[in-house]
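All of the numbers you see were taken from the coordinates with simple rules; none came from a lab. Since we're looking at a predicted model, the values are computed, not measured. Positions of Cβ are backbone-derived with ideal geometry, glycine not excepted, and every protein chain shown enters the neighbour counts.
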Ligand SMILES: [Zn+2]
């Protein structure tokens, strides 16, 4: 079956950021066979999709998310020490397989609308997340959380590993959904547990590991007090600093941390809006990328960053790096999405559709605090127009 997408503004996302006006894409089965400018070839029986001049580009990758938290958006705004005082007690009360299924379905709609075709998720009852992504037709790395803080889906670490086993057995070999294990963070997952995760990862090299890392001031203090180390060093000591580890946040990383991370070939997920909203600081994205670490742009969960719209992250990423450097020079706009490394931009072409009005309500999202949510996420400028 041939599909021809015609009359498109093509962004192939090549290193030189080429733009092809009035272009076409020829798709054979599930393969992009050709892109080009001008009139497409005439092919008998081909399905023609007229893009009407809209942007056609590879699907984007969101490397750090807690999709199901779409149901919690707007709750606990501006609460200090939010994780322990607000989020965890609430999750213990409300997070069930059904909540995860419904919240993930809702959040996945938002991801797709924003042009995201691959997402790395960390949450609870993650088998439910995998099933939703499977049905939605997008790619996912679905990370079952392992933590010591009495999470909603495992009372013991053994029970947490049993959930990981269940996830791996259901999705092993799936063409789009990759099972993953997610020790929550160095301060919330005992080092003995992280060592057990490392042994699991040794035995299952096909299962990626995800972790929140070097995110908070309190984490620095905790790691110094309990281990006499920095968070990156704690993860290294546990044997987890390894190729392909997806490290979310990484605000508090020193020059030697960056060297270790680059040497170990980890990846970083940068969550600019979420970090800024929590007042955490600015991650040294430029230094990490300069060291050769792939740093992808992520949204974090919709309760933390308030939106799953990846495009809305790009401007804050650039602006915050300029603030960090006290200069206009760091992180030119076109460099923002270009540093995610392998894996970014390998999705199928996705027609970006924006039906939202500037300042209008988001069509999908329930909101605990409408004023706060409007302030932080719902005032889209209709960047790409209504593509229907
Ligand atoms: Zn997170």
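Structure summary
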quantity: Most mobile of 236, 30, 77 in a GNM of the chain (Cα contacts under 10 Å); calculated: 30
quantity: Residue order, fewest to most beta carbons within 10 Å, for 156, 6, 96; calculated: 156, 96, 6
quantity: Degrees, to the nearest 10: 157-171 long Cα axis against longest axis of the chain; calculated: 20 degrees
quantity: P(r) weight above 13 Å for region 2-57, C-alpha pairs, percent; calculated: 55 percent
quantity: For the chain, built as a Gaussian network whose Cα springs stay under 10 Å, the top-fluctuating residue of 136, 192, 214; calculated: 192
quantity: Whether region 1-106 is rounded, prolate or oblate, judged on the alpha carbon gyration tensor where a/c under 1.5 counts as rounded; calculated: prolate
quantity: Region 232-269-region 281-321 distance, computed between alpha-carbon centres (Å); calculated: 17 Å
quantity: Percent of beta bridges antiparallel (DSSP, the chain, rounded to nearest 5); calculated: 30 percent
quantity: MRE, 222 nm, helices only [DSSP H, n ≥ 4, -39500 (n - 2.57), over the chain, to nearest 500]; calculated: -9500 deg cm²/dmol
quantity: Helix 255-264 vs. the chain, principal-axis angle (Cα, 0 to 90°, nearest 10); calculated: 70 degrees
quantity: Gyration tensor verdict on region 59-176 (Cα atoms; rounded if a/c is under 1.5, prolate if a/b is larger than b/c, oblate otherwise); calculated: oblate
quantity: Reciprocal of mean inverse Cα separation for region 122-252 (Kirkwood radius, Å); calculated: 14.8 Å
quantity: Isotropically averaged projected area of region 253-342, using the convex hull of Cα atoms (one quarter of hull area), nm²; calculated: 5.7 nm²
quantity: Alpha-carbon Rg with Dmax, taken over the chain, Å; calculated: 20.8, 70
quantity: Rounded tilt (10° steps) of 217-227 against the dominant C-alpha axis of the chain; calculated: 40 degrees
quantity: Centroid-to-centroid separation of region 91-159 and region 204-222 [C-alpha atoms, Å]; calculated: 18 Å
quantity: Neighbour-count order for 223, 65, 13, 250, fewest beta carbons within 10 angstrom listed first; calculated: 13, 223, 250, 65
